[in-house]
1. So which residue, out of 111, 54, 88, gets the largest mean-square fluctuation from a GNM of the chain using Cα contacts under 10 Å as springs?
2. Anyone know which of 35, 105, 74 comes out most mobile in the 10 Å Cα GNM of the chain?
3. What is the helix-to-structure angle for 60-86, meaning the angle in degrees between its Cα long axis and the longest Cα principal axis of the chain, kept from 0 to 90 and rounded to the nearest 10?
4. Give the residues of the range 20-54 whose amide nitrogen is closer than 16 Å to a point set 7 Å from the Cα of residue 5 in the direction of its Cβ.
5. According to a simple spin-label model (label point 7 Å from Cα along Cα-to-Cβ), what is the distance in nm between residue 90 and residue 61?
6. Measure off 7 Å from each Cα along the Cα-to-Cβ vector at residue 30 and residue 83, then give the distance between these two points in nanometres to one decimal.
7. Using only Cα atoms, find the angle between the long axis of helix 38-55 and the longest principal axis of the chain, and express it within 0 to 90 degrees, rounded to the nearest 10.
8. Show that you can apply the helix-only estimate: for the chain, add -39,500 (n - 2.57) for every DSSP H stretch of four or more residues, divide by all residues, and state [θ] at 222 nm to the nearest 500.
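FYI, it's all coordinate maths here, none of it is from the lab. These numbers were taken from a predicted model, which means no experiment stands behind them. Methodologically, a virtual Cβ is constructed for each residue, glycine included, from the backbone with ideal geometry; neighbour enumeration extends over all protein chains shown.
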């Protein structure tokens, strides 16, 4: 049996990011509880939900589709962090740490997408830039 979604590095990092976002939102002013807090928590949750749901899908194509949604939610979170900065809710450095975390999550998602796309290409017999030419011997160390 293959790895579960909880074993994926991208999921682990996204989960850690989600936890930090939830802690941050607990410190937002009460007037933001129904708007910004709710929005940020939904976006952070959407990242991990889409990674998990994509992993459980039946095809690489569907998995990639869910990962694109997760990546969109990361960008949504980045905009929410901009809103927190614009409103003066947190010190810039505190938000910068979360921005860096969001970039790390986005990079992991992008890497996972590339991996899945290369697997799709392999299954279809498509040669990619990383594929050795047909009939070429692979070097051994």
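1. 88
2. Per the Cα network of the chain with a 10 Å cutoff, 35 tops the list.
3. 30
4. 42-54
5. 3.9
6. So the two model labels end up 2.1 nm from each other.
7. Result, in degrees: 20.
8. Helix-only estimate at 222 nm: -23500 deg cm²/dmol.
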